[in-house]
Amino acid sequence: DTKKKLGPVANSVKFIKINEIEYGKNKDFIETNKIKDKVIITLGSNGAEYRDTQFAVPKVEIRDVAGAGDSFIAGLATKYVYTKDIIKGINFANQCATKVIQKRGVSTI
């Protein structure tokens, strides 16, 4: 998960979680280095995308998006560590972020 420009270290990691804005800023690097297969893009109310597959989230009342990205990455890492299945990780991460945005302020789940 990064707020910075991707660099050479991106070639040695298993997965990269970025949002749409970060993806736009790093698209040339991602394409040049052929690392799109390890990029997970969070899409806000549209869920996430991985390997050209979109993982939708249910429409819910959004009260506050604070902490949604942190909850996503925490859920993703936790589920992946236990299952070694990135798809299960993304689905769980979406569930975590969806719960958080329905609360006011930064919250835990």
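The values are calculated or read from the model by the stated rules, or taken from the named source; none is laboratory data. Computed from a predicted model, the values in this text were never measured in an experiment. When we count neighbours, we look across all protein chains shown, and the Cβ atoms used for this are built from the backbone with ideal geometry, even at glycine. We work out accessible area using only protein heavy atoms, side chains counted, and drop any ligands, DNA or RNA first. Shrake-Rupley method; radii C 1.70, N 1.55, O 1.52, S 1.80 Å.
Annotations for the structure displayed:
- The set of residues in the range 53-101 being exposed (fewer than 13 other Cβ atoms within 10 Å of the Cβ) and among the polar types (S, T, N, Q) consists of T53, Q54, T83.
- Those strands (runs of 3 or more DSSP E) lying entirely in the range 30-102 with at least 1 residues charged (D, E, K, R): 48-50
- Annotation note: of T108, T53, T78, the sole residue that is more than 12 Å from the chain's Cα centre (by Cα) and at pLDDT below 95 is T108.
- Residue in the range 29-52 that is open to solvent by 40 Å² or more (accessible area, probe 1.4 Å), aromatic (F, W, Y) and touching a strand residue (DSSP E or B) at 6+ places or on another chain (Cβ under 8 Å) present: no
- Hits in the range 3-28 - residues which are β-branched (V, I, T), in a helix (DSSP H, G or I) and open to solvent by less than 80 Å² (accessible area, probe 1.4 Å): none
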